[in-house]
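Taking it in order: structure first as structure tokens, then the write-up.
The values are calculated or read from the model by the stated rules, or taken from the named source; none is laboratory data. Values in this document were obtained by computation on a predicted structure and should not be read as measured data. Cβ sites come from the backbone with ideal geometry, for glycine too, and all protein chains shown count toward neighbours.
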Amino acid sequence: MGSLRGSEALTAIAWARSNDQLVEGSLASRLSKARMWHSLFQHHDGVTGTARDNVVIDYAQKMIMALNNSAHVLQQSIAHLLRTPQISPMDVEAVYFSLDEIRY
């Protein structure tokens, strides 16, 4: 859930700095789907563990996609905020840097 909230916050900041690509098109769609899949996972069967096996697998796949979408929007927002105005428009499908979740 933290990556989703971080993505939403940084997207809002980047959007305020005039990057309409972050609220229109594929990035907005990715963020919207991430919200939807996070809320689906919070359904009582997902939280209590009373769902059937095939439903649990579906929940897991959707949660992974939600995390990936959140991470992509997050790195796009950060790249937009760090770039200089002279650089050409950003590619919304490009990966400018990795957001590995490694803990030591």
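With respect to Ser77, determine if the residue is of a type in the set (Gly, Ala, Ser) and in a loop (DSSP other than H, G, I, E, B).
When the stated conditions are applied, Ser77 does not pass them.
Listed here are the residues, each with its yes/no results for (1) farther than 21 Å from Pro89 by Cα; (2) polar (S, T, N, Q); (3) at pLDDT below 85; (4) crowded, with 19+ Cβ neighbours inside 10 Å.
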site	(1), (2), (3), (4)
Thr11	no, yes, yes, yes
Ala14	no, no, yes, yes
Ser18	no, yes, yes, no
Leu22	no, no, yes, yes
Gly25	no, no, yes, no
Met36	yes, no, no, no
Thr50	yes, yes, yes, no
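Check the range 60-77 and report whether any residue there is buried (at least 16 other Cβ atoms within 10 Å of the Cβ), modelled with pLDDT of 85 or more, touching a Phe, Trp or Tyr at 6+ places or on another chain (Cβ under 9 Å) and farther than 12 Å from Ser7 by Cα.
Yes.
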